[in-house]
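Read the structure below first, then the notes.
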Amino acid sequence: MGTVVLGTGSCLPKKVLTNVELESMVDTSAEWIQTRTGIETRRIGGKGEKTYQLATKAAEKALAAAGVSAEELDLVVVGTISSHMLMPSSACYVQKELGATNAFAFDLNAACSGFLYGLDLADKYIRANHDMKVLVIGAETLSGRLNWQDRNTCILFGDGAGAAVCGYSDSDRGVIGSSMHSDGSLWKLLYMHAPESSNPDLIVKGNNGAYIQMEGREVFKHAVRAMEDAVTRLLVKENIDKESISLVIPHQANMRILAKLVDRLDFPQSKVFINVSKYGNTSAASIPIALDEANSSGLITQGDTILFCSFGGGFTWGATLIKW
Ligand code: UT7
């Protein structure tokens, strides 16, 4: 009995950027990117593909799959760190575009963990009020928040959106539990400045642009340890055997991070959904895009136990278990 996903959807920009194309943009090689990250291509937003526009298209598909109308929604949450405006939120744009006139809407800034934090929030709202329908979206156009001269970051990220419509079921299905965490003390390892302040007293020293900046090697180590810890705690808390998990859908950051994580957790590779080679790291959008791909390709059956885990800037990380 609990919060179930009634329908999923996703939307990827049309433009594909390959590793070979990146060779002529920054000092890198297709071979380096492929072997160090597992990424082969990523999508880059163009005209009509702002964060809220990708989010709206993903949401329309999720609503259609769920058989839920926009007017039935009570809440729209968008996990994002790349809205085209600081105010209003992307969620308010999505609410307007969908005509979700009965929903309140806000964005959630948890970087790559935005979708899982949003799902957790939806679960808490829905448990408190079984009539609620919550639309949870992860959407990003980080292509506009990258320094395209910085080879440490610009080769990693991509744009896209994924969405899930959540509601209540009185069957034995639903969110089993979650394990959510943050550590703000490590922010300097992965961050993005805001636009420069117009108040001279509040100008941030070292603000060299609203771009992603990262100590990749450090982030790598923290990501593996943190996700392993969140998953292990959650399985213990919920008394779930690894063997009973049907599919793991992790945040798609880097093939090597995923390989290490899967190895440490001792999950069979065949149970882990990976699409990072096609889209790179789409931050908050990565889990819902992967979920929609897994769902629409028939990899998920009712009653399956699905495990999600994420890690991102903040640091933010977590894991969620759901009986589909
Ligand atoms: O959602 C969480 C967000 N962030 C992440 O998931 C990122 C986590 N970190 C990583 O995925 C990896 O650390 C990277 C893919 C970013 C880097 O891989 P690495 O194996 O940790 O490489 P490194 O940073 O230790 O750099 C090794 C070498 C360096 O050269 P030297 O000092 O050995 O001569 C880098 O300058 O590779 C160089 N390098 C590159 N070379 C070609 C760094 N980026 C590139 C590049 N192309 N794009």
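The values are calculated or read from the model by the stated rules, or taken from the named source; none is laboratory data. What you are looking at is a predicted structure, and each value in this text was computed from that prediction instead of being measured. Note that each Cβ is placed from the backbone with ideal geometry, even for glycine, and that neighbours are counted across all protein chains shown.
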Handout entry: Condition broken by L291, with the remaining ones in (1) in contact (Cβ under 8 Å) with a residue 40 or more places away in the chain; (2) of a type in the set (A, V, I, L, M); (3) within 14 Å of the ligand (Cβ to nearest atom) satisfied
Key = (3)
Exercise for the section: Would you confirm whether any residue within the range 68-91 is in a helix (DSSP H, G or I), hydrophobic (A, V, I, L, M, F, W, C) and surrounded by 23 or more Cβ atoms within 10 Å (Cβ to Cβ)? Expected result: yes
Exercise for the section: For the range 177-191, indicate whether the set of residues that are surrounded by fewer than 18 Cβ atoms within 10 Å (Cβ to Cβ), more than 12 Å from the ligand (Cβ to nearest atom), among the charged types (D, E, K, R) and assigned by TED's automatic domain parsing to the domain that holds G303 is non-empty. Expected result: yes
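Can you pull out the strands (runs of 3 or more DSSP E) entirely within the range 95-179 that have at least 3 residues that are over 18 Å from the mean Cα position of the chain (by Cα)?
159-169
Results for (1) within 13 Å of the ligand (Cβ to nearest atom); (2) hydrophobic (A, V, I, L, M, F, W, C); (3) more than 26 Å from M214 (Cα to Cα), shown as yes or no for each residue.
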| residue | (1), (2), (3) |
| --- | --- |
| A253 | yes, yes, no |
| F267 | no, yes, yes |
| N281 | yes, no, no |
| I287 | yes, yes, no |
| D304 | no, no, yes |
Exercise for the section: Considering only residues that are over 13 Å from T141 (Cα atoms) and within 20 Å of the chain's Cα centre (by Cα), look in the range 18-57 and name the one that is nearest to the ligand (Cβ to nearest atom). Expected result: T37
Exercise for the section: Run down G167, G162 and say which single residue is within 16 Å of the ligand (Cβ to nearest atom), buried (at least 19 other Cβ atoms within 10 Å of the Cβ) and in the same structural domain as V20 (by TED's automatic domain parsing). Expected result: G162
Completion exercise
Out of (1) free of Cβ contacts under 8 Å to residues at least 24 places away in the same chain; (2) within 16 Å of the ligand (Cβ to nearest atom), the one A128 does not meet is (2)
